[in-house]
Amino acid sequence: RAHEAVVPLERARDLCFTLNFFVMGPCVTGWLANAVTEIGQPARAREIAAQSIDTDLYRHGGRYAWVFVHIALAEALFGCGETKAALDKVETALDIANTSNEPIQIAQALFTRGRLRAKAQSAGAGLADMRAALALAERHGLDPLARACRRVIDEAAPN
């Protein structure tokens, strides 16, 4: 329900800056950029996420926020037609996730990379990433992510 989320997330993000609550700011920024992308405004989402990354504000949050802001920027860049930049940014997200060795972050980054590769190249291009994300999601009980992985895998499978 991205349409309903944008206004409260904008308010929350403003409060993070107003109250100098920078620890939560990157996470709210990632959520906001993701919601704005989902409602069809990737250029605005790119601006929101890029500001956090370009100014290093994302580094005030934990590694989950680091990964999530980079994923949000990758999706926004892709939505703006900047495919190479999007794939590069999702690689950064995956590197951060692998460095932190957090399975949830790794699964989310693999899912995003697989989805972007599938959209940019072919349905089968992202299958290896989707299968790896699915394995991690199932192993760690991430049911919504596992369902999303299965859906993408099923759509890419030849009939």
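Quick note: the coordinates plus some simple rules give every number you see, no bench work behind them. Bear in mind that the values here come from a model prediction, so they are computed numbers and not experimental data. Cβ: placed from backbone, ideal geometry, glycine included. Neighbour counts: every protein chain shown.
Think of each Lys and Arg Cβ as +1 and each Asp and Glu Cβ as -1; about the Cα centre, that makes the dipole of the chain roughly 240 debye. Quick check on the chain: helices-only [θ] at 222 nm, where DSSP H runs of length 4 and up contribute -39,500 (n - 2.57) each and the sum goes over total residues. Nearest 500, please. Only helices count here, giving -25500 deg cm²/dmol. Per-residue 3J(HN,Hα) values for segment 85-100, derived from phi via the Karplus relation 6.51 cos²θ - 1.76 cosθ + 1.60 with θ = phi - 60°, read 4, 5, 5, 5, 5, 5, 5, 4, 4, 5, 4, 4, 4, 5, 5, 7 Hz in sequence order (x marks Gly and Pro). Relative to one another, the C-alpha centroids of segment 29-76 and segment 88-159 are positioned 18 Å apart.
Annotation for Arg63 and Leu15: the two label points, set 7 Å from Cα along the Cα-Cβ direction, are 2.9 nm apart.
About the centre of its Cα atoms, segment 104-159 shows a dipole size close to 120 debye [charges on the beta carbon of Lys, Arg (+1) and Asp, Glu (-1) only; nearest 20 debye]. Helix 63-79 and the longest principal axis of the C-alpha atoms of the chain enclose an angle of approximately 70°.
Test of understanding: given the chain, find the longest segment containing no chymotrypsin sites (Phe, Trp or Tyr not before Pro) that are in a DSSP loop and have at most 16 other Cβ atoms within 10 Å. It works out to 23-159. The label point for Phe22 and the one for Glu82, both projected 7 Å from the Cα toward the Cβ, are 2.3 nm apart. Treating the chain as a set of equal point scatterers at the Cα positions, no solvent, please give the Debye-formula log₁₀ I(q)/I(0) at q = 0.17 Å⁻¹. After summing over all Cα pairs, the log10 values are -0.98. Residues of segment 46-71 falling in the label zone of Thr99, defined by backbone nitrogen less than 18 Å from a point 7 Å along Cα to beta-carbon, are 50, 52-71.
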